[in-house]
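The values are calculated or read from the model by the stated rules, or taken from the named source; none is laboratory data. Everything quoted here is computed from the prediction, not taken from an experiment. Counting neighbours? That spans all protein chains shown, and the Cβs are built from the backbone with ideal geometry, glycine included.
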């Protein structure tokens, strides 16, 4: 018989808790404070002579406090800020910015008289209370509600904390390990705060939401003022099982009421081969139209064959780990029927063919990627790096439903090189990390968008966690 400690706790009012505080005073006194000071410098150099270089430097960080558990309950808050120190970044530095916009505020509002959209200037700093939650935790299960960061295993909503301030939601998240070798996950998101935003908007209020849906509901992105109120919330369910040695199976489902649902299945298997480990992975994702197609009208607006957004994607990968090195090769293919929705910074091909700034789940996209990771501990302790090459073959006639970073350029095929270098300091500087990210991409112009959009990008981050 399986003992479900969380369910039993809800019924009987008792549960097995980790050792915690004895009273409310000690719960606050013995709470845990975590801090992070970080700075980031971005440079995007466009290969077109008509586009000036975009750049930005930001300095900020976060303070996160959580009380010690009292009868399994804890309170937590997380305050984040990003600033433009000394006004080193000028507003004009962002005239051609894409990825670096999230370093600063992207807040916008509509003029009450004209209805025109007004946005904060590039380089505007801000602060936000991104986390404010109640946590209930037993030995094997935890439930969190309020303003929260989703768990990293969530395929659709991720903190995507590669800039200064992560993505957060208002909702609830439950993760249970009561069943042996199995993790059950549930998340319901009612509102979302993007990177670069101080507010929590409804679930269509994101840059990566299809523009027709952004305009249909009341959002900051709609080209017109939406007349249909707030978009519905999003429910996500997941199960991960590791009962069979060296085999992992994931099954997830997402439902965005009255718009779309998606089902995701993934399998990973590891094989020992002498001193090496061979990894095999496969992913299948199916999207079901529950009303979004009627709003987007992809046959008319995006050159799809009909107005349904029913579509699918599959991806495969093979990897070889040998000592400090790992070599991975992957491919993915998105169906011709339509784009896969991905409004909340969950990247469908993450771990397969997805690379920095790239979207490869638009209709009729075929992607390939090869990546080499290497740990240099034998030479320089805590130094690691990877080098990757990706190729994206796109249908030039398809117009994407949404921006999704560089996909908003509507370019054709892309070839991209990426290199990341990470160095974690030790000793008296423990907690400090240096990260350098380099990217070079060549985008083909198309008849629909005959402009040069190829670019090179450099990102440098210093982070100190305490």
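Can you pull out every residue in region 158-199 that is under 18 Å from residue 343 (Cβ atoms) and either out of contact with any strand residue (DSSP E or B) (no Cβ under 6 Å at 6 or more places or on another chain) or not assigned by TED's automatic domain parsing to the domain that holds residue 138 (or both)?
159, 161, 162, 163, 166, 194, 195, 196, 197, 199
Looking at residue 119, is it farther than 30 Å from residue 243 by Cβ and out of contact with any helix residue (DSSP H, G or I) (no Cβ under 6 Å at 6 or more places or on another chain)? It would help to see each step written out before you state the result.
Details: farther than 30 Å from residue 243 by Cβ: yes; out of contact with any helix residue (DSSP H, G or I) (no Cβ under 6 Å at 6 or more places or on another chain): yes.
Taking the combined requirement at face value, the residue satisfies it.
Just to check your reading of the model, which residue among 289, 275 is touching a residue at least 12 places away in the same chain (Cβ under 8 Å), over 20 Å from residue 360 (Cβ atoms), in contact with a strand residue (DSSP E or B) (Cβ under 8 Å, 6 or more places away or on another chain) and crowded, with 20+ Cβ neighbours inside 10 Å?
Result of the check over 289, 275: 289.
Would you mind finding the one in 219, 240 that is touching a residue at least 12 places away in the same chain (Cβ under 8 Å), assigned by TED's automatic domain parsing to the domain that holds residue 101 and either outside any strand (DSSP E or B) or surrounded by fewer than 21 Cβ atoms within 10 Å (Cβ to Cβ) (or both)?
Numbers: 219 fails: assigned by TED's automatic domain parsing to the domain that holds residue 101.
So the residue among 219, 240 that is touching a residue at least 12 places away in the same chain (Cβ under 8 Å), assigned by TED's automatic domain parsing to the domain that holds residue 101 and either outside any strand (DSSP E or B) or surrounded by fewer than 21 Cβ atoms within 10 Å (Cβ to Cβ) (or both) is 240.
Would you point out the residue of region 430-466, among those that are free of Cβ contacts under 8 Å to residues at least 24 places away in the same chain and more than 24 Å from residue 42 (Cβ to Cβ), that is surrounded by the fewest Cβ atoms within 10 Å (Cβ to Cβ)? Write out each step before concluding.
Initial filter on region 430-466 (free of Cβ contacts under 8 Å to residues at least 24 places away in the same chain): 430, 438, 450.
Next, from what is left, pick out any that are more than 24 Å from residue 42 (Cβ to Cβ): 430, 450.
On the way: 430: 12, 450: 7.
This residue is 450.
Considering only region 127-143, I want to know if a residue exists there that is closer than 27 Å to residue 263 by Cβ, touching a helix residue (DSSP H, G or I) at 6+ places or on another chain (Cβ under 9 Å) and without any contact (Cβ under 8 Å) to a residue 60 or more places away in the chain.
Within region 127-143, the first condition is being closer than 27 Å to residue 263 by Cβ, and the residues that meet it are 140-143.
From the residues that got through so far, the ones that are touching a helix residue (DSSP H, G or I) at 6+ places or on another chain (Cβ under 9 Å) too are 140-143.
With without any contact (Cβ under 8 Å) to a residue 60 or more places away in the chain added as a condition, the list becomes 142.
Taking every residue of region 127-143 in turn, at least one turns out to be closer than 27 Å to residue 263 by Cβ, touching a helix residue (DSSP H, G or I) at 6+ places or on another chain (Cβ under 9 Å) and without any contact (Cβ under 8 Å) to a residue 60 or more places away in the chain.
Would you mind stating whether residue 380 is touching a strand residue (DSSP E or B) at 6+ places or on another chain (Cβ under 9 Å), at pLDDT below 95 and surrounded by fewer than 18 Cβ atoms within 10 Å (Cβ to Cβ)? Talk me through it step by step, then tell me what you get.
Numbers: touching a strand residue (DSSP E or B) at 6+ places or on another chain (Cβ under 9 Å): yes; at pLDDT below 95: yes; surrounded by fewer than 18 Cβ atoms within 10 Å (Cβ to Cβ): yes.
Answer is yes for this residue.
Determine whether region 324-331 contains at least one residue that is in the same structural domain as residue 365 (by TED's automatic domain parsing), at pLDDT 95 or above and assigned to a loop (DSSP other than H, G, I, E, B). Before you say what the answer is, go through the steps one by one.
We begin by selecting, within region 324-331, every residue in the same structural domain as residue 365 (by TED's automatic domain parsing); these are 324-331.
Adding the requirement that they be at pLDDT 95 or above leaves 324-331.
Keeping just the survivors that are assigned to a loop (DSSP other than H, G, I, E, B) gives 324.
The answer is yes, given that some residue of region 324-331 is in the same structural domain as residue 365 (by TED's automatic domain parsing), at pLDDT 95 or above and assigned to a loop (DSSP other than H, G, I, E, B).
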